[in-house]
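Read the structure below first, then the notes.
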Ligand code: SF4
Ligand code: SF4
Ligand code: SF4
Ligand code: SF4
Ligand code: SF4
């Protein structure tokens, strides 16, 4: 389904989704991030990319698996499978959209994760094509995407100045558009060409290149023992920024959080974890097979550009550039790949 | 004006004379308009060193990292290291010396005066550009900063004072006092904000407002621990909030596991992040030299510096203590005076 | 203030205090209050510690995290420390903890320190009673408490 939505009608559409939780980018605390919006008037799509990615909607930083307690000496478990309200997220950049099918693979291939899917099935992603990359670190095109990629999105909006071109991609997307029926206009002659022009222009901006993407896995494999890794990670501080913000990083840890040892009450909780942390691979014995930062950088890059390619036939990176822009010491995954490939 | 050539020459000569095994400095990187840290070991590399208000990092962190690496190395290389240091960075070296992390002869401090300015605050810049990325940041004298925005042809001129980091506006010692050499002029009177200005302002809000602010921030924390990882004073091998010391053996019972002390759960929620941040603040009392790194690196821009400067303000006002000023002095929390405040105790 | 439901709430609310008491003075002081049959509030859970100087700020944060409505640290009067200077070190450290807790907006009445010697059973009772009264007015501590 393809429609036209005048800029001022966007609010109307949002208001018609009143039985859903609606999120959109908001600029607060000096950064763009998704925030819950109460009314259509709150929506502002002038954003760059958000600091957090849409993975947070399906893979929240903290997920309670179940509650436990001891009743008359017997352990009792209570399910906490989420049952969220339908959620619509506006302003999703195509690189974040492309992260979603990658996450779907991880949470579906060998084991269907009910927590993930309970949220995923209720989630509608409304993408907004980038008329121009927002950051010199965007490289969606170098990893097979584009600033107007539909991959993983339910709807793709394209900004045509005074109006949006809105394309329903999935059943969920078409449904969300039907809910705002009156707000939309029909596509007229010429609209299509204009959309194509905007998309063509968006692809014409130079992005960080990754020459010979197909040769990268082999290059990484061959450099496993290379001193390059330690050299490139020399200034890495081992924080969790690059992976926590990444739309496709999905490592987690599971802990029992005991509220009261007396009653044996508590929760089993899944939280994000991250291969850059020192305790990520720490064994009980105290031995750490990835004790140095070089091996951790190698792990992050290998997971995205070697293992994931081998296992799922695509990169686990969509080129959003967050890990580059937000790294406190300038570690740059594109530059790393360039050096490894040389 | 600091002449960057002088820094390069000095670094090159240190390496040439083999007085240091490496020099920690700044160079231009590929990731952003801000400079990135570098460790140079060859004379020829000195030419890549840069110096300007985009040199944000506190490189003392890498002195700590090097010491830790040498401590576990099979053949440790304990030769001295040179470090390019701003006023605040040199105080970090001071605290590390005071705490015997290494010795004075292990480090050559190449001091650089911030003179009349300081460094750019990436959050203030982001506010100016509403989240857009700066592709180039240049300086026209001390008063203005020119910023080119990525994807935009125009160049914006921003008065320096509007995007200098708060700590620079409040700085009392913009010229490194601890140094082996210092480049740039010592500028005494810097007509910006009074010391602890931001912390005082935060104090003046009502109790409920203060809690609303911090609840908001604790709630937003991702617990990526970048603030801890970047801090040169957070050098513990194992942080209390990680609790990896709990040894689980075959004989460890479920009860023992359930009852283990965990000061702070891994969940990034308000209460646990509050424990983390308040513990960290206290562990840095009298040790934080206000390099602002923790606040700079935070991806969600939590104003962490306020917690630390609040305590440094108390240290200064109540105990006449300034972190990193005197390497001979006993640390804040291992000393006391008879006249320390007592009236708050019943 | 005249809201009747609020008054009932205040009356029915029994604050829980975690009291870290130095074994050389305040802990003995609390025992003395007991053996002297002084009537005072039973709201404080005492935890005996070797010295007020041994209190880690984490004890305090942890108590609030686990739901304490108030935290009391009590040690020997200045000059009387069994270890010569532990209470002086505590005073400095806990002054900073107090300032920090206030700074982030925890109600300032919730954290308290006292000097109570082994002979001051009556003072101990008074400190606890006063604390309980002040906490009753504040109601339950929710700011730093872990919420399931
Ligand atoms: S990487 Fe591509 S899709 Fe993502 S924000 Fe940049 S231009 Fe848009
Ligand atoms: S690896 Fe970096 S560029 Fe790629 S998707 Fe993750 S954050 Fe974005
Ligand atoms: S690469 Fe950068 S963001 Fe990632 S762990 Fe290292 S310092 Fe942190
Ligand atoms: S850097 Fe920011 S988000 Fe990360 S742990 Fe520190 S305060 Fe939290
Ligand atoms: S607490 Fe922050 S400002 Fe203070 S020394 Fe550490 S990184 Fe620097």
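How far apart, in nanometres, would the label points at residue B:344 and residue B:153 be if each is projected 7 angstrom from Cα along the Cα-to-Cβ direction?
5.9
Given the stretch B:113-181 reduced to its alpha-carbon atoms as identical point scatterers, what log10 I(q)/I(0) does the Debye formula return at q = 0.14, 0.15, 0.25, 0.27 Å⁻¹?
Each listed q corresponds, in turn, to -0.46, -0.52, -1.09, -1.21.
Please report Rg (one decimal) and Dmax (integer) in Å for the Cα set of chain A.
21.8, 73
Please grab the % of Cα pairs in the stretch C:85-148 that end up more than 21 Å from each other.
The share of Cα pairs beyond 21 Å in the stretch C:85-148 comes to 39 percent.
Assuming 1.002 mPa s and 20 °C, estimate D for the protein assembly as shown with Stokes-Einstein, Rh taken as the Kirkwood radius over Cα pairs, in µm²/s. Before the final figure, lay out each step's value.
Numbers: Rh = 29.3 Å.
Taking Rh from Cα pairs, D becomes 73 µm²/s.
Roughly speaking, what is the centre-to-centre gap between the stretch A:135-152 and the stretch B:127-156 when only Cα atoms are used, to the nearest Å?
25
Per-residue mean of other chain beta-carbon atoms within 10 angstrom of the beta-carbon, peptide C:94-102?
6
For residue A:203 paired with residue A:121, estimate the spin-label separation in nm (one decimal), with each label point 7 Å from Cα along the Cα-to-Cβ line.
3.6
What ranking of A:117, C:24, B:263 emerges when the number of other C-beta atoms within 10 Å of each C-beta is taken as an exposure proxy, fewest first? Could the numbers behind the result be given before it?
Working: A:117 16, C:24 22, B:263 19.
Ranked by crowding around the Cβ, least crowded first: A:117, B:263, C:24.
Report the FRET efficiency, 1/(1 + (r/R0)^6), for residue A:281 and residue B:6, where r is their Cβ-Cβ distance and R0 is 30 Å, rounded to 0.05.
The calculated FRET efficiency here is 0.10.
Using only the Cα atoms of the stretch B:195-337, each taken as one equal point scatterer with no solvent, compute I(q) by the Debye sum, divide by I(0), and report log10 of the ratio at q = 0.21 Å⁻¹.
Once normalised to I(0) and log-transformed, intensities are -1.36.
Would you work out the Kirkwood radius for the stretch C:15-137? I mean one over the mean of 1/r across all pairs of different Cα atoms, in Å.
In the stretch C:15-137 this quantity evaluates to 14.2 Å.
Give the order of A:4, B:345, B:110 when sorted by the count of other beta carbons within 10 angstrom, beginning with the fewest. Kindly include the intermediate steps, with their values, before the conclusion.
On the way: A:4 17, B:345 21, B:110 28.
Result, fewest neighbours first: A:4, B:345, B:110.
Place a label point 7 angstrom from the Cα of residue A:314 along the Cα-to-Cβ direction, then list the residues of the stretch A:64-105 whose backbone nitrogen is under 18 Å away.
A:92-105
Only Cα pairs under 8 Å and at least 6 apart count here; give the relative contact order of chain B as a rounded whole percent.
16
Can you give me the Cα centroid spacing of the stretch C:74-117 and the stretch B:159-188 in angstrom?
Here the answer is 36 Å between Cα centres.
When the Cα centres of the stretch A:268-342 and the stretch A:1-78 are compared, how far apart do they sit, in Å?
27
Please determine, in degrees from 0 to 90 and to the nearest 10, the orientation of helix C:86-103 with respect to the longest principal axis defined by the Cα atoms of chain C, where the helix direction is its Cα long axis.
20
For chain B, divide the Cα radius of gyration by the Kirkwood radius and give the resulting Rg/Rh value with two decimals. Show your work: numbers first, answer last.
On the way: Rg = 21.4 Å, Rh = 21.8 Å.
Radius of gyration over Kirkwood radius for chain B works out to 0.98.
For an R0 of 45 angstrom, estimate the FRET efficiency from the Cβ-Cβ distance between residue A:194 and residue A:215 and round to the nearest 0.05.
Approximately 0.75, to the nearest 0.05.
For peptide B:218-224, how many partner chain Cβ atoms fall within 10 Å of a residue's Cβ, on average?
Whole-number average of other-chain Cβ neighbours for B:218-224 is 5.
Taking other Cβ within 10 Å of each residue's Cβ, how do A:317, B:239 sort, fewest first?
Listing A:317, B:239 from fewest to most nearby Cβ atoms yields B:239, A:317.
Taking the Cα-to-Cβ direction at residue A:251 and at residue C:80 and moving 7 Å from each Cα, how far apart do the two end points lie in nm?
The answer from the label model is 5.4 nm.
Calculated FRET efficiency, residue B:13 and residue B:105, Cβ-Cβ r, R0 25 Å, to nearest 0.05?
That gives a FRET efficiency of 0.90.
Could you work out the mean count of beta carbons from other protein chains within 10 Å of each residue's beta carbon in A:253-261?
Average neighbour count from other chains, rounded to a whole number: 4.
Read-outs throughout are calculated quantities, based only on the coordinates presented, and are distinct from any laboratory measurement. Values in this document were obtained by computation on a predicted structure and should not be read as measured data. Ideal geometry is used to build each Cβ from the backbone, glycine not excepted, and the neighbour counts take in all protein chains shown.
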